[in-house]
Amino acid sequence: MADLKSQLEQLQKMGGVGALMDKLPAAATQKAGAINAEQGDRDLRRQIAIINSMTARSAALRASLMGRAVAASPEAPAPRCRM
């Protein structure tokens, strides 16, 4: 999660989604034209806030659900599948 957070923060420091779209070639910009830069910047801030609000246990649980090998603590409950 920390690496994702650092990448999102780097994207923000580069100027956000709008600045990234300005750096794309014209053909790619036309395909990505439906993307709203302001909405993308809000989504970046929201994702960073979600990561910041995670406890160490919830971050580990999320990492394990994403297929990463994480050592589970003995008191941690088994992850439940939502349908």
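Per-structure values
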quantity	calculated
Candidate set from the stretch 18-35 (those that are modelled with pLDDT of 75 or more and assigned to a loop (DSSP other than H, G, I, E, B)); member that is surrounded by the most Cβ atoms within 10 Å (Cβ to Cβ)	LYS23
Residues within the stretch 1-17 that are outside any helix (DSSP H, G or I) and farther than 23 Å from ALA60 by Cβ, tallied	2
Residue list for the stretch 41-82, filter: at pLDDT 75 or above and not in a helix (DSSP H, G or I)	MET54, THR55
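The values are calculated or read from the model by the stated rules, or taken from the named source; none is laboratory data. Just so it is clear, the model here is predicted, and its values are computed rather than measured. Methodologically, a virtual Cβ is constructed for each residue, glycine included, from the backbone with ideal geometry; neighbour enumeration extends over all protein chains shown.
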